[in-house]
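**Q** Before we start, here is the structure in question, set down as structure tokens.
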Amino acid sequence: MSKIQNFEEVMRKKWNNLSKLEVVIFKILIVLVLGVFIFTMGVEAGDAVYKALN
């Protein structure tokens, strides 16, 4: 029983460390996706304005 409890405790610690790392990676991914999305929207808007002016 104690071996299983020790294993669960080790896995829980590893999961906590992994989850923190995953949260950081997830935040970076969200920022990157938003950045690309905003950039493409800006390019499309700029293209539309350029076409409208010419």
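**Q** So how tilted is helix 2-53 from the main axis of the chain? Cα-based, degrees 0 to 90, rounded to 10.
**A** Approximately 0 degrees, to the nearest 10.
**Q** At a 1.4 Å probe radius, which order do 19, 2 fall into by accessible area, largest first?
**A** On the way: 19 35, 2 75 Å².
Listed by decreasing accessible area, they come as 2, 19.
**Q** Let me ask something additional. Size of the dipole of the chain about the Cα centre, Lys and Arg at +1 and Asp and Glu at -1 on the beta carbon, nothing else charged, in debye to 20? Let's see the in-between values first.
**A** Working: 7 positive and 5 negative charges, 70 e Å.
For the chain, the charge dipole is close to 340 debye.
**Q** Separate question: With label points built 7 Å along Cα→Cβ from the Cα atoms of residue 29 and residue 2, find their separation and express it in nm.
**A** 4.1 nm
**Q** Return the distance in nm (one decimal) between the two label points of a simple spin-label model at residue 22 and residue 10, each offset 7 Å from Cα along Cα→Cβ.
**A** Those two pseudo-labels are separated by 2.0 nm.
**Q** Residue farthest toward the positive end of the dipole of the chain, with Cβ of Lys/Arg at +1 and Asp/Glu at -1: which of 16, 32, 54?
**A** Positive-end residue among those listed: 16.
The values are calculated or read from the model by the stated rules, or taken from the named source; none is laboratory data. Everything numeric here is computed off the predicted structure, so don't read it as measured data. All Cβ positions, even for glycine, are placed from backbone atoms using ideal geometry, and neighbour counts span all protein chains on display. Just so you know, the surface numbers come from the protein's heavy atoms only, side chains and all, with ligands and any DNA or RNA stripped out. Shrake-Rupley method; radii C 1.70, N 1.55, O 1.52, S 1.80 Å.
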